[in-house]
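Each remark here refers to the structure printed beneath this line.
The values are calculated or read from the model by the stated rules, or taken from the named source; none is laboratory data. As the structure is a computational prediction, the values presented were derived from the model and not from experiment. For neighbour counting, all protein chains shown are included, and Cβ atoms are generated from backbone atoms with ideal geometry for every residue, glycine included. Quick note on the areas: whole protein, heavy atoms, side chains included, nothing else; ligands and nucleic acids left out. Shrake-Rupley method; radii C 1.70, N 1.55, O 1.52, S 1.80 Å.
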Amino acid sequence: MSTTEPTASTRLWDGPTRLFHWSMAILIVVAWLTAGKQMEVHRLSGYAVIGLLVFRLWWGVAGGSTARFASFLKGPGATVAYLKTLRSREPGETAGHNPLGAWSVVAMLVVMAVQAGLGLFAVDIDGIESGPFSDLVDFDTGRAFAEGHELSFRALQGLIGLHLLAIAYYRFWKGENLVGAMVTGRRVFATAVEPLKAAPLWRLVVGAVVAAAFAYAVAKGFHFKFK
């Protein structure tokens with residue numbers, strides 16, 4: 001057991017990253033509970049998910065230091081090496097996402113993008129409820145998109161389940177409160193780590209505007225009427 005004393009609480013996650021995380025969690029639950037029941041709410045939650053995904057892609061390039069993909073995505077070798085030493089690692093050794101957690105984040109983002117994208121072309125069994133791009137495909141193809149939409153959500157549920165298990169593992173076996181860190185944005189580390197380098201406000205504004213505009217365009221099926 002290491003005798004290294006933990007450092008003081010260090011700022012790790014910026015506000016936009018935390019807001020994205022909790023907003024996405026809420027929207028996924030809303031979309032799940034309203035599917036096939038309150039389709040207007042279901043569609044609106046889907047458009048919001050798409051907007052958040054666009055924002056996260058932008059923030060993964062232009063956001064705070066720990067939010068950038070380049071800061072936490074590692075190659076297969078580093079990921080395997082991390083797995084081999086997982087049980088022996090001390091709490092708070094890794095700032096930001098560890099190599100395994102980083103790829104789980106990417107997997108969830110990809111599956112969410114696929115799931116939302118398929119929903120844009122989906123048609124229900126009665127041909128009444130449909131996505132904004134369903135007019136681009138025939139009924140049978142729209143039904144195939146609907147089935148893929150549901151199947152990808154099952155995959156997303158599986159990834160979320162693994163995510164929750166990982167959180168429980170770190171909380172009860174490693175003593176790391178990852179949920180608290182995503183609420184406060186701060187963590188206590190076993191050794192000194194480089195704190196978050198926040199991005200300037202204008203990047204947040206640009207990302208929010210682009211994400212909102214893209215989600216709106218998708219909701220309208222990219223069909224606009226100008227007077």
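Between the listed residues F133, A211, F72, the Cα displaced farthest toward the positive end of the dipole of the chain, a dipole computed from Cβ unit charges relative to the Cα centre, is found at F72.
Counting only alpha carbon atoms, the long axis of helix 99-119 and the longest principal axis of the chain meet at about 10°.
The relative contact order of the chain comes to 35 percent, based on Cα pairs under 8 Å that sit 6 or more residues apart.
Whole-Hz Karplus values for region 214-221 come out as 5, 4, 5, 4, 5, 4, 8, x Hz, taken residue by residue from phi with 6.51 cos²θ - 1.76 cosθ + 1.60 and θ = phi - 60°; glycine and proline positions read x. Once you reduce region 93-146 and region 13-72 to the center of their Cα atoms, the two points are 13 Å from each other. For the chain, the solvent-accessible area works out to 58 Å² per residue, with a probe of 1.4 Å and every protein chain left in place. With respect to the chain, whose longest principal axis is taken over its alpha-carbon atoms, helix 39-62 is tilted by about 40°.
Each label was represented as a point 7 Å from its Cα along the Cα-to-Cβ direction; for L57 and E147 these points are 2.8 nm apart.
Suppose every K and R has +1 on its Cβ and every D and E has -1 on its Cβ; what is the size of the dipole of the chain about the Cα centre, in Debye to the nearest 20? Write out the running numbers ahead of the final one.
Details: 21 positive and 15 negative charges, 165 e Å.
For this selection, approximately 800 debye.
Take L162: with every protein chain present and a 1.4 Å probe, its accessible area is about 110 Å².
Which order do W103, W202 take when ranked by solvent-accessible area (1.4 Å probe, heavy atoms of all protein chains), largest first?
Values: W103 105, W202 145 Å².
The ranking, largest first, comes out as W202, W103.
Counting each DSSP H run of 4 or more residues in the chain as -39500 (n - 2.57), what helix-only mean residue ellipticity at 222 nm follows after dividing by all residues, to the nearest 500 deg cm²/dmol?
Values: 8 runs with 138 residues, N = 227.
After summing the helix terms and dividing by residue count, I get -20500 deg cm²/dmol.
Using a probe of 1.4 angstrom, how much of the accessible area of region 116-155 is carbon and sulfur, in percent? The value for region 116-155 is 59 percent carbon and sulfur by accessible area.
Assign one of three labels to region 138-195, namely rounded, prolate or oblate, based on the Cα gyration tensor with a ≥ b ≥ c the square roots of its eigenvalues; rounded applies when a/c is under 1.5, prolate when it is not and a/b is larger than b/c, and oblate otherwise. Display every interim value, and only then the final one.
Details: a/c = 5.00, a/b = 2.95, b/c = 1.70.
Cα axes put region 138-195 in the prolate bin.
For M24, the shell of other residues with beta-carbons less than 14 Å away shows a net charge of +2, using +1 for Lys and Arg and -1 for Asp and Glu. Here the calculated FRET efficiency for K174 and L19, from their Cβ-Cβ distance with R0 = 22 Å, stands at 0.25, rounded to the nearest 0.05.
Annotation: amide H of V188 within the under-5 Å range of T10, sequence separation 5 or more or interchain, hydrogens built in the peptide plane. In square angstrom, rounded to the nearest 10, how much accessible surface does L109 have for a 1.4 Å probe? Using a 1.4 Å probe on the heavy atoms, I get roughly 30 Å². Protein-only accessible surface at a 1.4 angstrom probe places the residues Y82, Y47 in the order Y47, Y82, largest first.
Counting only Cα atoms, the chain measures 65, 37, 31 Å along its principal axes, largest extent leading.
Starting from the Cα of R11, move 7 Å in the Cα-to-Cβ direction to define the label point; list residues of region 40-61 whose amide nitrogen is under 20 Å from there. Flagged as within label range: 59-61. Across K197, K174, K84, mean-square fluctuation computed from a Gaussian network of the chain (C-alpha pairs under 10 Å connected) peaks at K84. E129 sits with roughly 60 Å² accessible to a 1.4 Å probe, with DNA, RNA and ligands left out of the calculation. Taking L136, L27, L53 in turn, the Gaussian network model of the chain (Cα-Cα springs below 10 Å) assigns the largest fluctuation to L136.
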